[in-house]
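Trainee: A single structure is presented below for examination.
The values are calculated or read from the model by the stated rules, or taken from the named source; none is laboratory data. Since the model is a prediction, treat every value here as computed from it, not as a measurement. Reconstructed Cβ throughout: ideal geometry from the backbone, glycine too, with neighbour counts over all protein chains shown. All accessible areas refer to the heavy atoms of the entire protein, side chains included, with ligands and DNA or RNA removed. Shrake-Rupley method; radii C 1.70, N 1.55, O 1.52, S 1.80 Å.
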Amino acid sequence: MAPVASQDAGAIAHPDAHPALDSVGNPAANPVGNSVANSAAHSVANPVASLVGVGLRYGKVVALDDITLDIPAGRMVGLLGPDGVGKSSLLALLSGARAIQQGQVQALGGDMASARHRGRVCPRISYMPQGLGKNLYPTLSIEENLQFFGRLFGHPAAERRRRIDALTASTGLTSFLSRPAGKLSGGMKQKLGLCCALIHDPDLLILDEPTTGVDPLARSQFWDLIKAIRVEQTGMSVIVATAYMDEAQGFDWLVAMDAGRVLATGTPAELLERTGTDSLDAAFIALLPEDRRRGHRAVTIPPLAAGVDAEIAIEAEDLSMRFGDFVAVDHVNLAIRRGEIFGFIGSNGCGKSTTMKMLTGLLPASAGRAALFGQTVDPKDIATRRRVGYMSQAFSLYSELSVRQNLVLHARLFQVPETEIPARVDEMVQRFGLADSIDALPGTLPLGIRQRLSLAVAMVHRPELLILDEPTSGVDPIARDSLWQLMIDLARQDRVTIFISTHFMNEAARCDRISLMHAGRVLVTDAPAELVRQRGAATLEAAFIGYLEDAGARGETAKATPSAPAASSARSVPAPTPHARRHLFSPGRAWSYALRETLELKRDPMRATMALLGSALLMFVFGYGISLDVEDLSYAVLDRDQTGLSRNYTLNLSGSRYFVERPPILDDRDLDRRMRAGQLALAIEIPHGFARDIARGHSVQIGAWVDGAMPVRAETVRGYVQGMHQGWLLEQAKHRLGQDAASGPNALPASIATRFRYNPDVRSLPAMVPAVIPMLLLMIPAMLTALAVVREKELGSIINLYVTPVTRSEFLLGKQLPYIVLAMLNFALLTLLAVTVFGVPLKGSLLALTAAALLFVTFSTGFGLFASTFTRSQIAALFVTIIGTIIPAIQFSGMLNPVSSLEGVGYLIGQVYPAAHFLTITRGVFNKALGFTGLEASFWPLALAVPVILTLSILLLKKQER
Amino acid sequence: MPHLANIYRLGIKELWSLARDPMMLVLIAYTFTVSIYVAATAMPETLHKAPIAIVDEDASPLSARIASAFYPPRFDPPAMISLSAIDAGMDAGTYTFVLDIPPDFQRDVLAGRAPTIQLNVDATRMSQAFTGSSFVQQIVLGEVTTFMQGHRGSVALPVELALRNRFNPNLEQSWFGALMELINNVTLLSIILTGAALIREREHGTIEHLLAMPVTPAEIMLAKVWSMGLVVLLAAGVAMVFVVQGLLRIPIEGSLALFLVAAALHLFATTSLGIFMATLARSMPQFGMLAVLILLPLQLLSGNATPRESMPELVQDVMLAAPTTHFVTAAQAILYRGADLEVVWPPFLALAAIGAVFFGIALSRFRRTISAMA
């Protein structure tokens, strides 16, 4: 990037001091853009974006504090500052991804608080969020990701093809089109992200730390690419956030930020001049307020006392790791001396973390040997772990424990003697400067302090070896220097061996020795200065790039050169004007999401398989398992009479198919014990002198005890017993009195002919099978969609909803469509099973059943989406879905008890919840030979439930992050 | 040999993480209070508000007497409909029972011709069909008999059947409904709390951090088992005392302490099962599917929803391997029938054995997949 020519004095920005308006020139009118610079801090004529008094809070944390800023158009603008100063928040506001809380944000000539304006300009803005491939879909290939974004912006197939070919040719991704995004290196992910951002020719390109975690070679290629694109598309404004000060050197205009405020704006040269420094790193520190700078001193590294101690702390011999056919670590050899600071340098995904995990014993090596202190690493060897402190790349403190609790827990887990713990914790608090935040939760602390805490936690048991995986990534320069000072003290004073990985070159230069790593292999190991010397390079970074090129890293991007013509041809066809149909539902965009969701479902075949096979399996289990016939009831008799007549009475029972006789009851205690144990559903007690008393005409009482623990069963037992008792009496009357029972005094005056309709044999199966279908079609589709939205929230790709023209309804309905199709397949499978395997004939209209099923699965998938829209974590969405489906499905759907018989809240749920209505329809069609006519009353609530749940979901989903 | 102190401390950490997750606390509170209350009060009595219609072709005093014998709570007030409305009403599921009193019914009864009343039953509603039809028969015959007594002298039956319900004299469904819900929620919660929490830890990378410390997989697992088990156990105890006994006024026959011991044994098995499921699933969506596929049979086939003895032999035998089956057996025996350990030791033993096996399987799987988690 050409350095900016103009040297007009910029002003240090203070939120309260608005500088005079002294703009010169008009960048937008100047197609080259970078030849004339505007200098006044806040006043830029015709800015691409401007902020007035903008503030943003996350709970109690202030992210942006009263920012007023104009950003010039047609430039390459850099937002400079470490993590957590508000750069990302500012970009999210500019792109419309996050809702404005306070102040005014204007971008591309309109108010970003207005949904209409956002809708109009979002096709002209492109936003690439922070994090490698954050808005990409890891299971989708490069081609599929690009197709997805192309469809979102409404390009027809031929246009998409042309644009994708042009963009991938210029980025060198053409030969990897079918590779899943999740399997790309960090650099390639970012290039793909850039392609996705450029596919609709934005006027404003917003890049949030696009090169963090990318190796130096890929980084320089990335900036070359941006440069080439800007040459082609002269009108495009680019806003980039970066933590790399050296990158910012090449930008047109800079905004230095700290603690949610703007420190200064101007060209790089202006900033250097104003602070009187020679590097932006130093300039940035100089711009910081006095109290932030206090205590900062340049890091000094006493040399490692050579030869004193040749003991080897870490040793690796031909260490290798394979995941399937992917070689993550390829024959790595290392020998690190005690007390040495050893650096591991390389890009994300080059195998640094994997090597470290193998050295700590977290991952068993596929081949080779790793040894700590001369002993081979053994994952089961607890004793060695006590000598090692490990700080993993992911933020691994317990965010739900306070700083003190974290320290104490770790001290205890490492078996520091209980009496020493308070002193040890105090020592760590002192040494790492944690006193002010001792009772805070780590999540509320700035990243720099969190990383200090991580280091303190890793040090609390006084390990002899520290393995630190990128401890400084995302930490601001001052905090980084203080962290380094701590590490250097540990190494030099306490003789702790430090094995650290980083992608910052200036940190690499501080190590005693470093290994450069690429694609699983160690390229070279030596002292940093020695590497620069051997390579004859100016800087360590240049030396590293040289080694990478030797190793063939260029090959990955060899075809990346002829960018200009390709990119310009992508530009030549005007993008379809999205303005006209903004408010309409666009089937194309919904379809784009539907296709994407289908692909993801395909890539994880386990879920679809579980859904189909699982529901078939459950149908078998429940069809045969849940039986509402009450039979095989255990009973036993306490026969105190022991006469022919008493035995005759009990024979009456034992002949029944409903009862199974158990050994006779011995006495009252036996009766009590067996009933309490639940062994008997019924106990009959025949009193002494039963036969004698009957013969004498005395009234006799037979005792029958029914186990009431299960009321349904008890009622049934009562019915059976009463019926049988009546029968026996009639029999006896006939027998003993020689009378014709039908005309005798005991004869019944009328009879009742019971017709069991729809299921004449009163068998469970024909009743249960149609009842199982609604339950399965409720729970399984709901569970499939339950994580659809919340997962995007957790993984970050939800950003595509925020910043692309897709509307909430397109997003949700598009996502829902593939699951509806899957659920209908499921329905077809279940119906087929019911008719063939279970032999439950489908007597009514298949069309009516299918229509009802379609409505019902639209509801159940909608319910999953609903649970997904208002929850924040996957676990909560899962829980809400299970509670919201399993209980109504089992208890309030009429499967076991008809809804009309339910009480209170249960009755209301049963009336409103569509499961009961669908159950009426399945039973109506299967058992009662019905069609649409006769079931209208159940169709209406079902049809109503669909728009209700979908509207609720759409309303609860936010088009912007809040 | 697992280190007891580590297990204790890691468990405390689990409790802290739960304590600082308000969403989960709300859901736990909901499942053990509102959800139990709703389920208990919604459960109808075995025959409750059964929808019935009467076609009165006789229009006599006797037929009117029969119609007036059906009243709440057992039956909805009968709908008087015409003969032609029977099919439509039953097809739409408006009525479970339709009683058709034929013309000249009273005259035939008095003439001793023993006429026949037709009772139509919707047999797809099995739970009502059975008990309901016998109730309807008894009511109708009772009315006819009483009616006859006015016209002919009555003859006492020589043998009386004294039917008594033990443990739940009035066969109140809410007793059953409350316990059923409690048991279901104990199972549901323990599996989700351990399983989903493990997957979340894996996704957030804290498992890896733990494994770099001098703690063994067995310690990590036992810590999760005891802490989450304790939470659910406490919640269940609170629900028993305040919701079941307090709010719903359901008398508990047996020892609450013994019930909690049974619940603890059950939790040992289900928390292990949750961990095992989390080692099988690779992501939260997969875990969700797995949870549905496992929870449904665990709940529906345990003998908690329908009587075990009515299930096919095979299902009964397979379900012997499920902890819920034994927990339901033990819980019903203790809470309703006041059984003591002398009676319920077999399900206790079964629960302990199943728990041990589940834990063993989960631990070996946990050890094997742990490196893939990191």
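Trainee: Do you know which residues of the stretch B:274-296 lose at least 50 square angstrom of accessible area in the protein assembly compared with their chain on its own, with a 1.4 angstrom probe?
Mentor: B:284, B:285, B:286, B:289, B:292, B:293, B:296
Trainee: Using a 1.4 Å probe on the protein heavy atoms, what percent of the accessible area of chain A belongs to carbon and sulfur?
Mentor: The computed percentage sits at 57.
Trainee: In square nanometres, what is one fourth of the surface area of the convex hull spanned by the alpha carbons of the stretch B:54-179? Could the numbers behind the result be given before it?
Mentor: Numbers: hull surface 39.5 nm².
Mean projected area for the stretch B:54-179: 9.9 nm², to one decimal.
Trainee: Still on this model: Tell me which DSSP H helices of chain A clear both cut-offs, 27 Å or more of axial length from alpha-carbon atoms and a mean Kyte-Doolittle hydropathy of at least 0.0. Could you put the intermediate results ahead of the total?
Mentor: Details: long enough: A:605-625 (28 Å, 1.24); A:711-737 (38 Å, -0.65); A:764-786 (32 Å, 1.88); A:808-836 (42 Å, 1.23); A:846-870 (36 Å, 1.79); A:936-956 (31 Å, 1.83).
Counting only whole DSSP H runs, the qualifying helices are A:605-625, A:764-786, A:808-836, A:846-870, A:936-956.
Trainee: Could I ask something else about it? Please compute the average number of Cβ atoms from other chains found within 10 Å of each residue's Cβ in peptide B:209-220.
Mentor: Details: counts 13, 3, 9, 14, 12, 12, 4, 3, 2, 0, 1, 0.
Per-residue shielding by partner chains comes out at 6.
Trainee: Next question. Accessible area drop of at least 50 Å² (1.4 Å probe, protein heavy atoms): which residues of the stretch A:890-919 qualify, relative to the chain alone?
Mentor: So the qualifying set is A:890, A:891, A:896, A:897, A:898, A:900, A:901, A:903.
Trainee: Moving on. What ratio of Cα Rg to 2.2 N^0.38 Å holds for the stretch A:426-531?
Mentor: On the way: Rg = 14.7 Å, N = 106, 2.2 N^0.38 = 12.9 Å.
The reported ratio for this selection is 1.14.
Trainee: For the protein assembly as shown, what is the mean residue ellipticity at 222 nm derived from helices alone (per DSSP H run of n ≥ 4: -39500 (n - 2.57); sum divided by total residues; nearest 500 deg cm²/dmol)?
Mentor: -16000 deg cm²/dmol
Trainee: Next question. Can you give the translational diffusion coefficient of the stretch A:802-936 in µm²/s, computed by Stokes-Einstein from the Kirkwood radius over Cα pairs at 10 °C and 1.306 mPa s?
Mentor: Working: Rh = 16.5 Å.
D = 96 µm²/s.
Trainee: Could you sort A:229-236, A:922-929, A:504-511 so that the peptide with the highest average Cβ count within 10 Å comes first and the rest follow in order? Don't jump to the answer; show the numbers that get you there.
Mentor: On the way: A:229-236: 17.6, A:922-929: 24.8, A:504-511: 20.6.
By packing density, highest mean first, the sequence is A:922-929, A:504-511, A:229-236.
Trainee: How large is Rg over Rh for the stretch B:101-257, taking Rg from the Cα atoms and Rh as the Kirkwood inverse mean of 1/r across Cα pairs? Walk me through the numbers on the way to the answer.
Mentor: Working: Rg = 29.2 Å, Rh = 22.2 Å.
Over the Cα atoms of the stretch B:101-257, Rg/Rh equals 1.31.
Trainee: Return P(r) of the stretch B:179-293 (all Cα-Cα pairs; 5 Å bins starting at 0; whole %; ordered from short to long distances).
Mentor: Percent of pairs per bin, in order: 2, 11, 20, 20, 16, 12, 9, 6, 3, 1, 0.
Trainee: Probe radius 1.4 Å, ligands and nucleic acids left out: can you give me the accessible area buried at the A-B interface, summed over both chains, in Å² to the nearest hundred? Kindly include the intermediate steps, with their values, before the conclusion.
Mentor: On the way: alone 42020 and 19530 Å², together 48770 Å².
Looking at A and B, the buried total is near 12800 Å².
Trainee: More than 14 Å apart: what percent of Cα pairs in the stretch A:424-475 qualify?
Mentor: Values: 683 of 1326 pairs.
For the stretch A:424-475, the share of Cα pairs beyond 14 Å comes to 52 percent.
Trainee: Same structure again: Where does helix B:217-238 land angle-wise versus the long Cα axis of chain B, in degrees 0 to 90, nearest 10?
Mentor: The two axes meet at around 40 degrees.
Trainee: In whole Å, what are the extents of the stretch A:152-273 along the principal axes defined by its C-alpha atoms, from largest to smallest?
Mentor: 50, 30, 26
Trainee: I would also like to ask the following. Quick one: work out the % antiparallel among DSSP beta bridges in the stretch A:437-544, nearest 5.
Mentor: On the way: 5 of 10 bridges.
Roughly 50 percent of the DSSP beta bridges within the stretch A:437-544 come out antiparallel.
Trainee: How would you order A:805-815, A:450-460 from highest to lowest mean count of nearby Cβ atoms within 10 Å?
Mentor: Values: A:805-815: 22.2, A:450-460: 23.7.
Final packing ranking: A:450-460, A:805-815.
Trainee: Sticking with this one: Taking the DSSP beta bridges in the protein assembly as shown as the whole, what percent of them are antiparallel, to the nearest 5?
Mentor: Values: 50 of 118 bridges.
If we restrict to bridges inside the protein assembly as shown, about 40 percent are antiparallel.
Trainee: Is there a simple number for the mean count of other chain Cβ atoms within 10 Å of the Cβ of residues in A:921-928, and what is it? Write out the running numbers ahead of the final one.
Mentor: Details: counts 1, 1, 4, 4, 0, 1, 4, 7.
Partner Cβ neighbours, averaged per residue: 3.
Trainee: When the Kirkwood radius is taken over all Cα pairs of the stretch A:471-522, what Stokes-Einstein diffusion coefficient follows at 37 °C and 0.692 mPa s, in µm²/s?
Mentor: On the way: Rh = 12.1 Å.
Diffusion coefficient, whole number: 272 µm²/s.
Trainee: How many percent of all Cα-Cα pairs in the stretch A:327-432 sit more than 21 Å apart? The partial results should precede the final answer.
Mentor: Values: 2698 of 5565 pairs.
Result for the distance tail: 48 percent.
Trainee: Still on this structure, I have one more. Within 10 Å of each Cβ in peptide B:26-38, how many partner chain Cβ atoms are there on average? Round it to a whole number, please. Display every interim value, and only then the final one.
Mentor: Details: counts 2, 6, 1, 0, 2, 4, 0, 0, 1, 2, 0, 2, 9.
Partner-chain Cβ atoms within 10 Å, mean over residues of B:26-38: 2.
Trainee: Kindly provide the pair-distance distribution of the stretch A:53-105 built from C-alpha pairs, with 10 Å bins from 0 and whole-percent values in order of increasing distance.
Mentor: Result returned by the calculation: 22, 58, 18, 1.
Trainee: Further question on the same structure: Can you sort A:933, A:869 by solvent-accessible area, 1.4 Å probe, largest first?
Mentor: Ranking A:933, A:869 by accessible area, largest first, yields A:933, A:869.
Trainee: What Kirkwood radius, in Å to one decimal, follows from the Cα pairs of the stretch A:56-185?
Mentor: Details: mean 1/r = 0.0582 Å⁻¹.
For the stretch A:56-185, inverting the mean 1/r across all distinct Cα pairs yields 17.2 Å.
Trainee: Sorted by packing (mean other beta-carbon atoms within 10 Å per residue), highest first, where do A:92-101, B:278-287, A:644-653 land? Present the calculation step by step, with values, prior to reporting the outcome.
Mentor: Values: A:92-101: 22.8, B:278-287: 21.3, A:644-653: 16.5.
Packing proxy ranking, top to bottom: A:92-101, B:278-287, A:644-653.
Trainee: Net charge around residue B:122, counting only other residues with Cβ within less than 10 Å of its Cβ (Lys, Arg = +1; Asp, Glu = -1)? Provide the component values of the computation, followed by the final result.
Mentor: Numbers: positive: A:757, A:923, A:928, B:125; negative: B:91.
Here the charged neighbours net out to +3.
Trainee: Take the stretch B:298-374, compute every pairwise Cα distance, and split them into 5 Å bins from 0; I just need the percent in each bin.
Mentor: 3, 15, 19, 19, 16, 11, 7, 6, 3, 1
Trainee: Within the accessible area of the stretch B:213-291, what % is carbon and sulfur when the probe is 1.4 Å and the other protein chains stay in place?
Mentor: Heavy-atom surface of the stretch B:213-291 belonging to carbon and sulfur, 1.4 Å probe: 73 percent.
Trainee: Scale the Cα Rg of chain B by the rule-of-thumb value 2.2 N^0.38 Å and send over the ratio, two decimals.
Mentor: Numbers: Rg = 27.4 Å, N = 374, 2.2 N^0.38 = 20.9 Å.
In units of the globular-protein estimate, chain B measures up at 1.31.
Trainee: Give the Rg (one decimal place) followed by the Dmax (whole number) of the protein assembly as shown, computed from C-alpha coordinates and expressed in Å.
Mentor: Values for the protein assembly as shown (Cα only, Rg and Dmax): 38.2, 128 Å.
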